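So the structure is just underneath, and the comments pick up after that.
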Ligand code: 13P
């Protein structure tokens, strides 16, 4: 393992003033998002949409990396340029989602297990040759009656650790994503407890598998009340609960934490990241960044709407959202900044 290269890549991924775009939706997920907007999901429309995002002028000012889906890393633009090359030309590193998505956790109703370890080493080799510098694997933990169970957390944490070990062995930086879902009516305290249990098991397995913590990125959920909870947590409450939970569960050797947006409204995702960086400025061992899908794409996807004539307007809004989240990385986002630009 070339640890120096892994560490350099990991630090670049979470370097100041930039973040990561997750554009790795599976066919099913992007199909649902397109359908809600009346856009047909085909190989070409998915390519056109992602080409629109990646060719946004100067997007490399705000993005260090983009997570791609298997179909996308193999696609070319209308003029024949591979999509990963478009990113490299913008100074943005291409990454790739490598998990095989979730199945129902056996004998554990309401819980999920993420599969995809079979033949992983070979796939990583291929992706590295195609230009990928990092990877992503997402595990899903659900809060509900009697769940998450220890066995579900443990099975997913073990798979995440093995995935991370395979990636480092192949010279790719693993993004380790254990997501405690926002779905449900649970309290912020229940989310805190489930997140802490999940992160401690995950780091236990990462340690046991020999994963170098300096050469990986953690992608967790924020600690937040359930979407259907009566009592919705405030911005500062989310920021403090999240950072306090992470301080108790994430070793200082990890260079950076890049949050998922997880179904928060897009402004909330920016405000929460900003509050964390502002309230804890100079007191954190790791960088706090973003690796959003929905919170970055919601508006541009709607404005694009599948029409070539809307590309410029969609790119403008996409660049704005990326810029706002880049500002949140240093706690310098505000309503005024949002409106001024
Ligand atoms: P969201 O930001 O929409 O939660 O997506 C992030 C992601 O990559 C999920 O795996």
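Laboratory data are not the source of any read-out in this text; all were calculated from the coordinates shown. Owing to the predicted nature of the structure, the values given are computational and were not obtained by experimental measurement. In this analysis, Cβ positions are derived from the backbone assuming ideal geometry, glycine residues included, and neighbour counts consider all displayed protein chains.
General remarks:
- Across segment 33-108, C-alpha contacts under 8 Å between residues 6 or more apart give a mean separation that, scaled by the residue count, equals a relative contact order of 30 percent.
- In this rough spin-label picture, where each label sits 7 Å from Cα along the Cβ direction, the residue 244-residue 279 distance is 0.9 nm.
- By the count of other C-beta atoms within 10 Å, a proxy for reagent exposure, 294, 265 are ordered fewest to most as 265, 294.
- Spatial offset of segment 174-194 relative to segment 263-331 amounts to 20 Å, using the alpha carbon center of each.
- Contour minus Cα-Cα distance for residue 231 and residue 36 (0.36 nm per residue): 67.4 nm
- Taking 47, 74 and counting other C-beta atoms within 10 Å, the order from fewest to most: 74, 47
- Taking 55, 242, 42 and counting other C-beta atoms within 10 Å, the order from fewest to most: 42, 55, 242
- The Cα center of segment 85-111 and the Cα center of segment 4-83 differ in position by 12 Å.
- Each principal axis of segment 194-237 carries a Cα extent, and these read 42, 17, 14 Å when sorted largest first.
- In the chain, helices alone account for a calculated mean residue ellipticity at 222 nm of -14500 deg cm²/dmol, with every DSSP H run of four or more residues adding -39,500 (n - 2.57).
- Rounded to 0.05, the FRET efficiency of the residue 71 and residue 103 pair, given R0 = 25 Å and the Cβ-Cβ distance, is 0.75.
- The mean sequence distance of close C-alpha pairs (under 8 Å, at least 6 residues apart), as a share of the length of the chain, puts its relative contact order at 19 percent.
- Relative contact order for segment 1-76: 49 percent, from Cα pairs under 8 Å spaced at least 6 residues apart, divided by residue count.
- Theoretical gain in end-to-end length, residue 145 to residue 338 [0.36 nm per residue, Cα-Cα removed]: 65.5 nm
- Segment 90-237: antiparallel DSSP beta bridges as a percent of all, rounded to 5: 25 percent
- Rg ratio (alpha-carbon, reference 2.2 N^0.38 Å) - segment 1-79: 1.29
- Here the scattering of segment 61-140 is modelled by Debye summation over its C-alpha atoms, one equal scatterer each and no solvent; at q = 0.18, 0.21 Å⁻¹ the log10 of I(q)/I(0) is -0.78, -0.93.
- Linear extension gain, residue 4 paired with residue 330, 0.36 nm per residue minus alpha-carbon span: 114.7 nm
- When its C-alpha radius of gyration is set against 2.2 N^0.38 Å (N residues), the chain gives a value of 0.93.
- In this calculation the C-beta distance from residue 265 to residue 200 is compared with R0 = 30 Å, giving a FRET efficiency of 0.55.
- A compact globular protein would have a Cα radius of gyration near 2.2 N^0.38 Å; the ratio found for segment 230-332 is 1.19.
- Efficiency of FRET between residue 81 and residue 187 - r from beta-carbon atoms, R0 41 angstrom, step 0.05: 0.25
- Segment 51-120: antiparallel DSSP beta bridges as a percent of all, rounded to 5: 50 percent
- Bridges between two residues of the chain, per DSSP, are antiparallel at a rate of about 15%.
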